[in-house]
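A short worksheet on the structure shown next.
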Amino acid sequence: MTAVAEIMDYDEVLDRFDPVLGLEVHVELSTKTKMFCGCANEFGAEPNTQVCPVCLGLPGALPAVNGKAVEAAIRIGLALNCQVAEWCRFARKNYFYPDQPKNFQTSQYDEPIVFDGHLDVVLDDGETFRVDIERAHMEEDTGKSLHMGGATGRIHGADYSLLDYNRAGVPLIEIVTKPITGAGERAPEVARAYVTALRDLLRALNVSDVRMDQGSLRCDANVSLMPKGASEFGTRTETKNVNSLRSVERAVRYEMQRHAAVLTSGGSIVQETRHFDESTGSTSSGRPKETSEDYRYFPEPDLVPIAPSREWVEELSQTLPELPWERRRRAKEDWGLSDEELRDLVNAGALELIAETVEAGAAPGDARSWWVAYLSQQANTRGVELADLAITPKQVARVVALVGEGKLTNKLARQVVDGVLDGEGEPDEVVAARGFEVVSDDSELQKAVDEALAAQPDVADKIRGGKVQAAGAVVGSVMKATKGQADAKRVRELVLKACGQ
Ligand SMILES: [Zn+2]
């Protein structure tokens with residue numbers, strides 16, 4: 001029965017069932033070091049170069065908690081309106097998997113550091129939906145298995161597997177919602193909006209780089225259906241590691257349609273993990289879902305309990321940055337946006353980016369124009385979210401400044417942005433490497449102007465005779481001769497001056 005399941009028409013699903021969601025988001029913290037040792041926490045290093053006896057789980061190695069990770073967990077909890085535990089412990093979650101060298105994961109079980117919060121998320125039409133947060137707890141990431149030789153990168157069909165333990169022990173916060181009910185047809189949208197809001201929040205807190213494409217933000221989506229009018233939840237499936245916002249929405253929708261088809265044809269849902277396939281938009285069966293008993297949790301004997309003082313928690317709550325929803329309200333007022341304009345910017349994932357670009361010194365109009373026009377277009381072409389483009393608000397602000405200083409034309413500025421997106425370095429480095437400095441040296445420009453006038457004597461005569469609109473043709477050839485690196489306004493002035501106008 002786990003063969004390719006039929007799916008039910010979405011409207012019919014909603015006629016018969018109410019969906020229940022549960023979202024688990026793992027976020028990798030961007031602390032300098034790992035959770036329990038001093039190894040560097042950096043993405044993309046050579047495999048197995050950031051490891052030590054602690055994160056490799058060698059006998060006798062003793063862990064110590066990273067205080068910055070605890071601080072980040074508390075700040076996340078406070079921003080999610082959670083209570084902060086006065087005392088909590090780590091626990092061992094026992095399981096064997098080759099990417100977990102200790103044979104257990106140090107996590108938290110029944111004593112999470114923060115619990116009982118909520119996050120209000122804004123849906124596409126501007127309505128707010130409250131998602132209750134069950135808990136957020138600290139744990140460590142596993143290593144990474146690379147399955148070689150198979151077609152899909154999955155273990156199935158692979159010839160052999162390689163293990164990289166650089167990620168083993170990287171600090172993770174897992175944020176778990178309470179069951180989300182009452183979303184009805186909007187369940188897939190609520191799921192996407194929640195992960196989006198959480199991502200924006202985590203970015204504002206500056207605790208993670210929240211890159212879904214690099215796995216620093218990962219979402220597991222639990223979905224179950226209950227027949228209309230029922231009060232007991234159905235059996236759920238957990239679609240693992242969905243790695244884009246759009247996929248979160250698609251995966252939830254697909255699972256709702258698949259569950260409905262199975263249930264109405266008399267079958268039953270197997271509690272299991274599922275994989276989402278980006279290319280087909282469908283899910284496939286993973287492994288049977290373990291229950292907590294299978295993990296034989298027990299308190300971690302090698303770590304002392306965590307007891308954050310109330311003074312410290314109070315201090316951290318005083319230093320929370322402006323949160324995304326507050327920033328939205330302020331942006332709307334400061335930039336004079338209509339409700340609709342604000343919503344469009346939020347939906348495009350552009351608002352925070354624009355705000356950060358403004359903070360880095362750009363004028364709001366310039367910042368907005370870059371993100372909603374050229375960069376949105378680039379994100380589309382490259383098939384990534386706007387926020388996942390390889391350019392930072394600070395870099396965009398630098399490009400805006402270069403244009404403002406007359407060092408770049410708009411056309412060149414776009415090419416500089418392309419260079420940054422292609423990994424050629426900072427804007428100034430791209431300008432230098434591509435030889436993009438605007439020709440602002442008047443003597444050099446004058447030479448180009450004189451040559452252009454000499455090459456078009458009839459046009460030059462017309463301008464001398466008072467037909468100043470003919471100057472356009474000369475400006476055009478100067479721009480061509482300087483490969484677009486001249487300031488067109490200045491060229492025009494020089495052309496007119498040369499012709500006595
Ligand atoms: Zn280590």
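The values are calculated or read from the model by the stated rules, or taken from the named source; none is laboratory data. Since this is a predicted model, take the numbers as computed values, not measurements. With ideal geometry, Cβ positions are generated from the backbone for all residues, glycine too; neighbour counts draw on all protein chains shown. For the accessible areas, the whole protein counts, side chains as well, though only heavy atoms, and no ligand, DNA or RNA atoms are used. Shrake-Rupley method; radii C 1.70, N 1.55, O 1.52, S 1.80 Å.
Classify segment 385-495 from the C-alpha gyration tensor, please: rounded if a/c falls under 1.5, else prolate or oblate depending on whether a/b exceeds b/c. Prolate.
The label point for ASP418 and the one for THR381, both projected 7 Å from the Cα toward the Cβ, are 0.7 nm apart.
Residue-wise HN-Hα couplings along segment 22-33, as the Karplus relation 6.51 cos²θ - 1.76 cosθ + 1.60 with θ = phi - 60° gives them from phi, are x, 10, 10, 10, 9, 10, 7, 6, 9, 5, 5, 10 Hz; Gly and Pro carry x.
The slack between GLU314 and LYS394, meaning 0.36 nm per residue of separation minus the straight C-alpha distance, is 25.7 nm.
Ligands, DNA and RNA excluded, the heavy atoms of ASP441 present near 80 Å² of accessible surface to a 1.4 Å solvent probe.
A simple spin-label model places the labels of GLU322 and ASP441 4.4 nm from each other, with each point 7 Å out along Cα-to-Cβ.
Selection among ALA72, LEU453, PRO321 by position relative to the dipole of the chain gives LEU453 as farthest towards the positive end (Cβ unit charges, Cα centre). Convex hull volume of the Cα atoms of segment 442-498, normalised per residue: 62 Å³. In this structure, ASP277 and TYR95 have a Cβ-Cβ separation that, at R0 = 22 Å, corresponds to a calculated FRET efficiency of about 0.30. Kirkwood's formula applied to the C-alpha pairs of the chain gives a hydrodynamic radius of 26.1 angstrom. Mean sequence separation of contacting Cα pairs (under 8 Å, at least six apart), scaled by the length of the chain, corresponds to a relative contact order of 14 percent. Of ASN410, ALA360, VAL430, which is farthest on the positive side of the dipole of segment 340-434, counting Cα position, with +1 on Lys and Arg Cβ, -1 on Asp and Glu Cβ, and the Cα centre as origin? Of the candidates, ASN410 comes out farthest on the positive side.
Multiplying the sequence separation of VAL270 and ALA454 by 0.36 nm and subtracting their Cα-Cα distance, what value in nm do you get? The partial results should precede the final answer.
On the way: separation 184, 0.36 × 184 = 66.24 nm, distance 8.20 nm.
My answer for the length gained is 58.0 nm.
Taking square-rooted eigenvalues a ≥ b ≥ c of the alpha carbon gyration tensor, is segment 1-150 rounded, prolate or oblate, where a/c under 1.5 means rounded and, failing that, a/b exceeding b/c means prolate? Because a/c hits 1.5 or more and a/b fails to exceed b/c, segment 1-150 counts as oblate.
Cα centroids of segment 159-182 and segment 413-430: 33 Å apart.
Is there a pair in LYS462/LYS483; LYS34/LYS407; LYS394/LYS497; LYS34/LYS394 whose C-alpha atoms are over 32 Å apart, and which pairs would that be? Pairs exceeding the cut-off: LYS34/LYS407; LYS394/LYS497. In this structure, ARG330 and ALA61 have a Cβ-Cβ separation that, at R0 = 41 Å, corresponds to a calculated FRET efficiency of about 0.25.
Gain on full extension, evaluated as 0.36 nm per residue between SER369 and THR128 minus their Cα-Cα distance, stands at 84.0 nm. Shown is the FRET efficiency for GLU185 and ASN410, computed with R0 = 41 Å from the Cβ-Cβ distance and rounded to the nearest 0.05: 0.40. Remark: segment 416-501 carries a charge dipole of roughly 760 debye about the Cα centre, counting +1 on each Lys and Arg Cβ and -1 on each Asp and Glu Cβ.
How large is the charge dipole for segment 1-109, taken about the Cα centre, if only the Cβ atoms of Lys, Arg (+1) and Asp, Glu (-1) carry charge, to the nearest 20 debye? Walk me through the numbers before you get to the answer.
Working: 9 positive and 13 negative charges, 214 e Å.
Around 1020 debye, computed over segment 1-109.
For segment 90-100, putting each phi into the Karplus relation 6.51 cos²θ - 1.76 cosθ + 1.60 with θ = phi - 60° gives couplings of 8, 9, 8, 9, 8, 7, 9, 7, x, 8, 10 Hz, in residue order, rounded to whole numbers and with x for Gly and Pro.
Net charge within 12 Å of GLU437 by Cβ-Cβ distance, Lys/Arg positive one each and Asp/Glu negative one each, not counting GLU437 itself? Walk me through the numbers on the way to the answer.
Details: positive: LYS407, ARG434, LYS483; negative: GLU405, ASP428, ASP441, GLU444, ASP487.
Result for the neighbourhood of GLU437: -2.
Within the shell of other residues whose beta carbon sits under 10 angstrom from the beta carbon of SER309, the net charge comes to -3, with Lys and Arg scored +1 and Asp and Glu -1. Between the listed residues GLY215, LEU245, GLY267, the Cα displaced farthest toward the positive end of the dipole of segment 202-293, a dipole computed from Cβ unit charges relative to the Cα centre, is found at LEU245.
Determine the shape class of segment 340-434: with a ≥ b ≥ c the square roots of the Cα gyration tensor eigenvalues, call it rounded for a/c under 1.5, and otherwise prolate if a/b is greater than b/c, oblate otherwise.
On the way: a/c = 2.02, a/b = 1.37, b/c = 1.47.
Cα axes put segment 340-434 in the oblate bin.
Sort 16-27, 385-396 by the packing proxy (mean of other Cβ within 10 Å over each peptide's residues), most packed first. Provide the component values of the computation, followed by the final result.
Numbers: 16-27: 20.7, 385-396: 18.8.
In decreasing order of mean packing, 16-27, 385-396 become 16-27, 385-396.
In this Cβ point-charge picture (+1 for Lys and Arg, -1 for Asp and Glu), segment 370-417 has a dipole of about 180 debye about its Cα centre. Note on segment 61-96 and segment 102-145: Cα centroid distance 11 Å, given to the nearest whole angstrom. Relative contact order of segment 340-434, taken over Cα pairs closer than 8 Å and 6 or more residues apart, is 25 percent. Contact order for segment 442-498, expressed relative to its length and based on alpha carbon pairs under 8 Å spaced 6+ residues apart, stands at 37 percent.
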